[in-house]
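The values are calculated or read from the model by the stated rules, or taken from the named source; none is laboratory data. As the structure is a prediction and not an experimental result, all values here were calculated from the model. With ideal geometry, Cβ positions are generated from the backbone for all residues, glycine too; neighbour counts draw on all protein chains shown. Ligands, DNA and RNA are stripped out before the accessible areas are found, and what is left, the full protein with its side chains, is counted by its heavy atoms. Shrake-Rupley method; radii C 1.70, N 1.55, O 1.52, S 1.80 Å.
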Amino acid sequence: MIHLGIIEDEPIMLASVEECFEGNREVRVELAATSVEEFLTRLPASSPLNTLLLDIMLPGMNGIAGIPKLLERWPAMDIIMLTNSDESDNIFRALQAGAVGYISKRRVNPTIIRDAVHTVNRGGSYMSPSIARQVVAFHNQQRKKSTVNVADQLTSRQLEIVQGLVDNLSYREIGERLDISIETVRDHIKNIYRKLQVNSKMEVVHKKLKGEI
């Protein structure tokens, strides 16, 4: 049995979602509320709630902020977000907070809502096509970023300076070795720190000794 909760502040949308499950023997709507606060107040922790349709833009506490509080009370619950916006930031914030599904209300219909609820109940993760494309694009972008070795962005001169640091040379000694001014060495060091995302000489040396540079 799917024990469903609904949190949606638009009356027409709330009624429409409830109607999707009228007469459905596999789904029981435990509570439909217009805010996270109302939902938490009216439904006890002993409720067998296992699935929730949750709007993002709500009066008072928004849906994303409400996810941790809701999961604290029902840890095993699957949360499907409802939203009028396909903004990537909201999508990923909700997924990171613990949501397992995402439906755009701009393209929603009863079949989509029922399919989403049954899909997550079977252990899947449901997203409307437009949102799924954004998630795929985001992960592809992250994967490309992860394959880029930041150390590869160092110039040959910066690599020479890194070696000078490993050899425990002072900035002046590095400048003399490379026939550049100490001010130029300092500028290169700052850029090396920025590229490697470190804050000290020892961190640079450590990366070099570990083979990361």
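How large a share of the accessible area of the chain, in percent, is made up of carbon and sulfur atoms when the probe is 1.4 Å and the other protein chains stay in place? Carbon with sulfur: 49 percent of the solvent-accessible area. The calculated FRET efficiency for the pair L159 and E183, based on their C-beta separation and a Förster distance of 22 Å, comes to about 0.65. Taking every C-alpha pair closer than 8 Å and separated by at least 6 residues, the mean separation divided by the residue count of the chain gives a relative contact order of 14 percent. The range 160-180 and the range 1-53 have Cα centres spaced 67 Å apart. Take the Cβ atoms of E19 and L209, set R0 to 41 Å, and the FRET efficiency comes out at 0.05. With all projection directions averaged, the alpha carbon convex hull of the range 150-210 covers 3.6 nm².
Rounded to the nearest 20 debye, the dipole size of the range 48-89 about its Cα centre is 260 debye, using +1 on the Cβ of Lys and Arg and -1 on the Cβ of Asp and Glu. Where only DSSP H runs of four or more residues are counted, the chain gives -15500 deg cm²/dmol as its mean residue ellipticity at 222 nm, each run worth -39500 (n - 2.57). Calculated from the structure, Rg and Dmax of the Cα atoms in Å equals which of (1) 22.1, 72; (2) 23.7, 78; (3) 26.5, 84? Computed from these coordinates, Rg and Dmax of the Cα atoms in Å corresponds to label (3). Looking at the chain, the accessible area is 55 square angstrom per residue; that uses a 1.4 Å probe and ignores ligands, DNA and RNA.
The angle between the Cα long axis of helix 156-166 and the longest principal axis of the Cα atoms of the chain comes to about 80 degrees, rounded to the nearest 10. Here the chain is treated with +1 on each Lys and Arg Cβ and -1 on each Asp and Glu Cβ, and its dipole about the Cα centre works out to around 780 debye.
By the Kirkwood approach, averaging reciprocal distances over each pair of separate Cα atoms, the range 1-103 gets a hydrodynamic radius of 13.5 Å.
For the chain, the number of Lys pairs with C-alpha atoms closer than 29 Å, counting only pairs eight or more positions apart or on separate chains, is 21.
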